[in-house]
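What follows draws every value from the coordinates through simple rules; no lab data is involved. What you are looking at is a predicted structure, and each value in this text was computed from that prediction instead of being measured. Cβ atoms come from the backbone with ideal geometry, glycine included; neighbour counts cover every protein chain shown.
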Amino acid sequence: METSLDGKITGPFMQAADDNYQGDGDLFYHIAFDDDGYYHPQGWLSGRTTTDDNFTHYAKPQLDENAAPVPDGDFIPTTIAPQYYISIDPHGKLAWTTNQMTFMATTAQVLEVLTSQVSNAYKAFLRQLDIPYIIAGDTELDAPLAMKKLKDLFHMETVMLGGGGVLNWSFIQQGLCDELSLVLSNAADGSTDTPTLFSAVPGLSSTTPRTFTLKNVEAHDNFVWLRYLIDPKK
Ligand SMILES: NC(=O)c1ccc[n+]([C@@H]2O[C@H](COP(=O)([O-])OP(=O)(O)OC[C@H]3O[C@@H](n4cnc5c(N)ncnc54)[C@H](OP(=O)(O)O)[C@@H]3O)[C@@H](O)[C@H]2O)c1
């Protein structure tokens, strides 16, 4: 994750950082995505709001309510892609137009994580676009089951928890994240209505405090890269 000095993950600070060309976004990208970067994840998870803000832009999917019933269960591709954009979409809202997405120089196969409450019409829509999906949970996301399916069905060993703050905090509270990687920008905007690195949402996560053990600090000109281990729950 990349944050402002005041812990925001999006908002006016980003433009200010870009205008001054500080390179924090480049470092963020390098760590997570470059071949000679640090993590080499086989997939990265994104919350539904992050996907709508950046890729699907809150469009409504064109659904065929009379689509033939799709087979029960997951929709798994016959060949596994080298990298997946794993979209947490428990209600089936996202209006994808293609089964690939591009973030800077990285292109990844879209993979949707749904719950059983998602309609037949939405699953038929994904099948038509050849977008694989897994089902984890009945009405609420079963995040441990989703992670198990990513490993068992897609052979993923390393997955990046890629934000936003709601997704991050819900996975950390459930003990599903072992390391925090943070590029701290040298910009801030003091806004009070933009998302922060971690956000508790009633029904998804609590405000139970967690602690972190600092593992490494690297200074890069005006910004720093911090790595923490996430301490087990007391
Ligand atoms: N600076 C960075 O490094 C960085 C990285 C990523 C994202 N971002 C920014 O972060 C912003 C969005 O962050 P956000 O915190 O508002 O939202 P978010 O975490 O991206 O998405 C929240 C939504 O995802 C679904 N979701 C997440 N966790 C879930 C869980 N455990 N169980 C069930 N559903 C879950 C829910 O979708 P439904 O509402 O459909 O139920 C929830 O409302 C965007 O503007 C994005 O650009 C910044």
Open item on the list: Over the chain, how many pairs of lysines fall under 19 Å by alpha carbon, counting only those 8 or more apart in sequence or from different chains?
Closed with: 5
Open item on the list: Among 153-162, 181-190, how do they line up by average Cβ neighbours within 10 Å per residue, starting with the highest?
Closed with: 181-190, 153-162
TODO: Within 10 Å, count the other beta carbons around each residue, average over each peptide in 114-123, 98-107, and list them highest first.
DONE: 114-123, 98-107
Task: Nearest-20 debye value, the chain charge dipole, Cβ charges on Lys, Arg, Asp, Glu - done: 680
TODO: Only bridges with both residues in the chain count here: give the DSSP antiparallel percent, nearest 5.
DONE: 55
- [ ] Could you give the size of the charge dipole of the range 42-157 about its Cα centre, using +1 on the Cβ of each K and R and -1 on the Cβ of each D and E, expressed in debye and rounded to the nearest 20?
- [x] 160
TODO: In Å and from the alpha-carbon atoms only, list the Rg and Dmax of the range 42-157.
DONE: 13.1, 39
Open item on the list: If you consider only alpha-carbon coordinates, what radius of gyration and Dmax does the chain have, in Å?
Closed with: 18.1, 57
- [ ] Using DSSP, restrict attention to beta bridges with both residues in the range 42-157 and report what percent are antiparallel, rounded to the nearest 5.
- [x] 30
Open item on the list: If I take every Cα pair under 8 Å that is 6 or more residues apart in the chain, average their sequence separation and divide by the length, what percent do I get for the relative contact order?
Closed with: 26
- [ ] Determine, at each q value in 0.14, 0.18, 0.25 (inverse angstroms), the log₁₀ of I(q)/I(0) that the Debye formula gives when each Cα of the range 3-73 is one equal point scatterer.
- [x] -0.70, -0.95, -1.26
Open item on the list: Treating the range 38-89 as a set of equal point scatterers at the Cα positions, no solvent, please give the Debye-formula log₁₀ I(q)/I(0) at q = 0.19, 0.31, 0.32 Å⁻¹.
Closed with: -0.97, -1.10, -1.12
TODO: With runs of 4+ DSSP H residues as the only contributors, calculate the mean residue ellipticity of the chain at 222 nm using -39,500 (n - 2.57) per run, divided by the residue total and rounded to the nearest 500.
DONE: -6000 deg cm²/dmol
TODO: Apply the Karplus parameterisation 6.51 cos²θ - 1.76 cosθ + 1.60, with θ equal to phi minus 60°, to every residue of the range 103-116 and state each ³J(HN,Hα) to the nearest whole Hz, in sequence, with x for glycine and proline.
DONE: 10, 6, 9, 10, 10, 10, 7, 6, 9, 9, 10, 10, 10, 5
